[in-house]
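S.K.: Please find one structure pasted underneath; my questions will follow.
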Amino acid sequence: MKALTLVAPKKFEMIEKNIPVAKDNKVVIKISKTGICGSDIHMIWATGYGAGTNFVIGHEFCGVISDPGNSTNFKIGDRVVAMEIDSCLNCKYCNSGHENICDHVLDGGPGIGTDGGYGQYVAVREDMVRLIPDSVSDILAAMVEPAAISLHGVNLAKVEKDTNVFITGAGAIGLFAAACAHVKGANVTISEANPKRIEIARNSGFVDNVLNALDENISENLKKIAPAGFDAVIECSGNKNASTTGLNNLRKGGNMVLIAYGEQPDINVFNFVNNEYHLSGSLFFTRQEFEDVIKLMEEGKINLEPFAKVIKMEEVQKTLENLEKGIENEIKYIIDMND
Ligand SMILES: [Zn+2]
Ligand SMILES: [Zn+2]
């Protein structure tokens, strides 16, 4: 099979690898589409994660079962998606529905601890695999993982009907968070600096207010929307100014959730005492949330497919270089693995 591997920081090479085999409760998936994640760029491509070891990255993918091994739950040809969180299912976190913070979550997940979605086949433990409903396309199915990341943040922010929520950053994670919050009946405000993404958020149908993050009147505009502050702020930009703006517009007793990795937010903890703010980090998602996202996609309630650009395996290197230069600015890049 063909696979992309890092040979040095910022340098992918196409290699030939053996197709993995189905053993140890694993099934083999022939991959159809793989999403490029922000962390693939900043934490993996740029740093050369696993460089020189023929390791294959990629944790957002879908495909069909090509070898079910011993599994009785899957058969050849089943359309599936897999989660990358390798929870042990046998610790206090796993037993209480917090398997996203299990000590073993990073051990063997595809694209993290074992070969992942930038190759044409992947082997995944069958309990990490879920069926894709017929009505969900491959392109959308490749986005189940980032959407689950967003839903987890929205749940931690305790977003429900009529919650006034402010989301900073309108990339894939911010827009999926907006879509999930909208489904729950929240009033959704989003800020973004990139003009193309501002336009996409405006036309998305699930954002009530779109603000330009670079507008010097942004704080006044936020005050007009939520005079006493927002019930919840979800940081999805990785930008220090955005997190500061978010925090300055949180209401007393409100919930601030950090999803994005990026610049260190400038946070004064005593502000949290004085205003009884709640701050929560958001890591991965629970299995329930992964399944909830698949259901929401099946029902047509969350869909970023119109904002995805499909590229070939050969174009990944160039695309990441262009993304770094700021030349490319689509919401999501999906690799067609069928060559
Ligand atoms: Zn990701
Ligand atoms: Zn565990």
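Each reported figure results from applying straightforward, stated rules to the coordinates on display, with no laboratory input. All figures in this text were calculated on a predicted structure; none of them were measured in a lab. Note that we place each Cβ from the backbone using ideal geometry, even for glycine, and neighbour counts take in every protein chain shown.
S.K.: Report the local net charge at His152: Lys and Arg +1, Asp and Glu -1, summed over other residues whose C-beta lies under 13 Å from its C-beta.
M.R.: Taking every Cβ under 13 Å from that of His152, the sum is -3.
S.K.: Then there is this: With Cβ to Cβ distances under 13 Å as the rule, what net charge do the other residues near Val207 carry (K, R +1; D, E -1)?
M.R.: Net of charged neighbours comes to -1.
S.K.: If you don't mind, there's one more thing I want to ask. If you rank Thr286, Thr168 by fewest surrounding Cβ atoms within 10 Å, what's the result?
M.R.: Arranged by neighbour count, lowest to highest, Thr286, Thr168 become Thr286, Thr168.
S.K.: Full extension from Lys2 to Val273: what is 0.36 nm times the residue separation minus their Cα-Cα distance, to one decimal in nm?
M.R.: 92.2 nm
S.K.: For segment 156-166, in order, what is each residue's ³J(HN,Hα) by Karplus, 6.51 cos²θ - 1.76 cosθ + 1.60 with θ = phi - 60°, in whole Hz (x at glycine and Pro)?
M.R.: Here the 3J(HN,Hα) series is 5, 7, 6, 6, 9, 4, 6, 4, 8, 10, 10 Hz.
S.K.: Could you tell me which of rounded, prolate or oblate describes segment 98-158, using a ≥ b ≥ c as the square roots of the eigenvalues of the alpha-carbon gyration tensor, with rounded for a/c under 1.5 and, failing that, prolate when a/b is larger than b/c and oblate otherwise?
M.R.: Oblate shape, in that a/c is at least 1.5 and b/c is the bigger or equal ratio.
S.K.: How would segment 147-281 be classified by its alpha-carbon gyration tensor: rounded, prolate or oblate, with rounded meaning a/c under 1.5 and the a/b versus b/c comparison settling the rest?
M.R.: Note, shape of segment 147-281 comes out rounded.
S.K.: Taking the Cα centroid of segment 157-226 and of segment 1-33, what is the distance between the two, rounded to the nearest whole Å?
M.R.: If we compute the Cα centre of each part, the gap is 37 Å.
S.K.: Compute the separation of the alpha-carbon centres of segment 36-85 and segment 268-320 and state it in Å as a whole number.
M.R.: So the two Cα centres are separated by 17 Å.
S.K.: Additional query: Once both labels are modelled 7 Å past Cα along the beta-carbon direction, what's the Asp107-Asn322 spacing in nm?
M.R.: For the pair Asp107/Asn322, the computed spacing is 4.1 nm.
S.K.: Same structure, new question: Fewest Cβ neighbours within 10 Å first, please rank Met297, Met143, Met1 accordingly.
M.R.: Ranking Met297, Met143, Met1 by Cβ neighbours within 10 Å, fewest first, gives Met1, Met297, Met143.
S.K.: Would you kindly calculate the mean projected area, averaged across all directions, of the convex hull enclosing the Cα atoms of segment 44-98, in square nanometres?
M.R.: 6.3 nm²
S.K.: So, one more: Please list, in order along segment 263-274, the HN-Hα scalar couplings obtained from phi with the Karplus expression 6.51 cos²θ - 1.76 cosθ + 1.60 (θ = phi - 60°), rounded to whole Hz, x for Gly and Pro.
M.R.: For segment 263-274, the Karplus curve yields 6, 5, x, 8, 10, 8, 4, 5, 4, 6, 5, 4 Hz.
S.K.: So which lysines can Lys223 reach, going by Cα to Cα under 26 Å and dropping same-chain residues fewer than 8 places off?
M.R.: Lys158, Lys161, Lys184, Lys196, Lys240, Lys252
S.K.: Among Glu13, Glu160, Glu220, which one shows the highest mean-square fluctuation when the chain is modelled as a Gaussian network with alpha-carbon springs under 10 Å?
M.R.: Most flexible of the set in this elastic network: Glu220.
S.K.: In debye, nearest 20, what is the charge dipole magnitude of the chain about its Cα centre with +1 on Lys and Arg Cβ and -1 on Asp and Glu Cβ, if you could check?
M.R.: Roughly 180 debye, rounded to the nearest 20.
S.K.: Please give me, ordered by residue number, the trypsin sites (Lys or Arg not before Pro) of segment 6-57 that lie in loop per DSSP and have at most 13 other Cβ atoms within 10 Å.
M.R.: Lys23
S.K.: For the chain, what ratio Rg/Rh do Cα atoms give with a Kirkwood hydrodynamic radius?
M.R.: Ratio of gyration radius to Kirkwood radius for the chain: 0.97.
S.K.: What does the C-alpha gyration tensor say about the overall shape of segment 41-138? Classify as rounded when a/c is under 1.5, otherwise prolate if a/b is larger than b/c, or oblate.
M.R.: oblate
S.K.: Non-local amide H neighbours of Leu211 (under 5 Å, H modeled in plane, Pro and chain starts lacking H): which ones?
M.R.: Close amide H contacts, sequence-distant or interchain: Ile190, Ser191, Glu192.
S.K.: Excluding residues fewer than 8 places away in the same chain, name every one of the lysines whose C-alpha is closer than 28 Å to that of Lys30.
M.R.: The reachable lysines, counting only those whose Cα sits under 28 Å from Lys30, are Lys2, Lys10, Lys11, Lys17, Lys75, Lys295, Lys301, Lys309, Lys312, Lys318, Lys332.
S.K.: Let me ask another. Using θ = phi - 60° and the Karplus relation 6.51 cos²θ - 1.76 cosθ + 1.60, list the HN-Hα couplings for segment 290-301 in order, rounded to whole Hz, with x at every Gly or Pro.
M.R.: 4, 5, 4, 5, 4, 5, 4, 5, 4, 7, x, 8
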